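Colleague: There's a structure below that I have some questions on.
What follows draws every value from the coordinates through simple rules; no lab data is involved. Remember, it's a predicted structure, so these values are computed and weren't measured experimentally. For neighbour counting, all protein chains shown are included, and Cβ atoms are generated from backbone atoms with ideal geometry for every residue, glycine included.
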Amino acid sequence: MIVRIMGEGQYEVADEQVAELNRYDDRIEAAIAADDESAFRDALAALLDAVRASGAAVPDDVIEPSQLILPRPGADVDEVRELLGDGGLIPG
């Protein structure tokens, strides 16, 4: 699966990693619901770090359709709240 981190680039992440990424997504949703900016920032950073650690960077000169688009590092709660769908940032 191709995951884009806005403002950073794309990563190819194995489908088996989606469950782990969903756990971080759940933490993000809970932090937003609780209006806890600190927990939100920690959860977003952990999600993006997990994508970077488990994925292989797609070269900048290769453009692949992204199955997931994640917020940029440093995004605030309001920005991410707009991106959230019924299933969070990561459906499934």
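Colleague: Where in the stretch 39-69 does the amide nitrogen come within less than 19 Å of the point 7 Å from the Cα of VAL77, taken along Cα to Cβ?
Modeller: Only 39-47 pass the distance filter.
Colleague: With just the Cα atoms of the chain, tell me how far they stretch along each of the three principal axes, in Å, largest first.
Modeller: The Cα atoms of the chain stretch 39, 25, 22 Å along the principal axes, largest first.
Colleague: Return the long-range amide H neighbours of LEU70 (sequence gap of 5 or more, or a different chain), with a cut-off of under 5 Å between placed amide H atoms.
Modeller: Counting only residues 5 or more places away or on other chains, the set is ARG4, ILE5, MET6.
Colleague: Please find the FRET efficiency linking ILE69 to GLU37, where r is the Cβ-Cβ separation and R0 is fixed at 22 Å, and quote it to the nearest 0.05.
Modeller: Values: r = 22 Å, r/R0 = 1.01.
The computed FRET efficiency comes out at 0.50.
Colleague: Express in nm, to one decimal, how much length is gained between ASP60 and GLU8 on full extension, taking 0.36 nm for each residue of separation and deducting their alpha carbon distance.
Modeller: 17.7 nm
Colleague: Length gain on complete extension for the stretch ARG23 to ALA53, per 0.36 nm per residue less the alpha carbon to alpha carbon distance?
Modeller: Working: separation 30, 0.36 × 30 = 10.80 nm, distance 1.54 nm.
Contour length minus the Cα-Cα distance gives 9.3 nm.
Colleague: Tell me, what HN-Hα J-couplings in whole Hz come from the Karplus equation 6.51 cos²θ - 1.76 cosθ + 1.60 at θ = phi - 60° for each residue of the stretch 31-39, using x for Gly and Pro?
Modeller: Per residue, the Karplus-derived 3J(HN,Hα) values read 5, 5, 4, 8, 6, 9, 4, 5, 5 Hz.
Colleague: Moving on to the next point. Let me know the charge dipole size of the chain about its Cα centre in debye, to the nearest 20, where only the beta-carbon of Lys, Arg (+1) and Asp, Glu (-1) is charged.
Modeller: Details: 7 positive and 21 negative charges, 22 e Å.
In debye, rounded to 20, the chain gives about 100.
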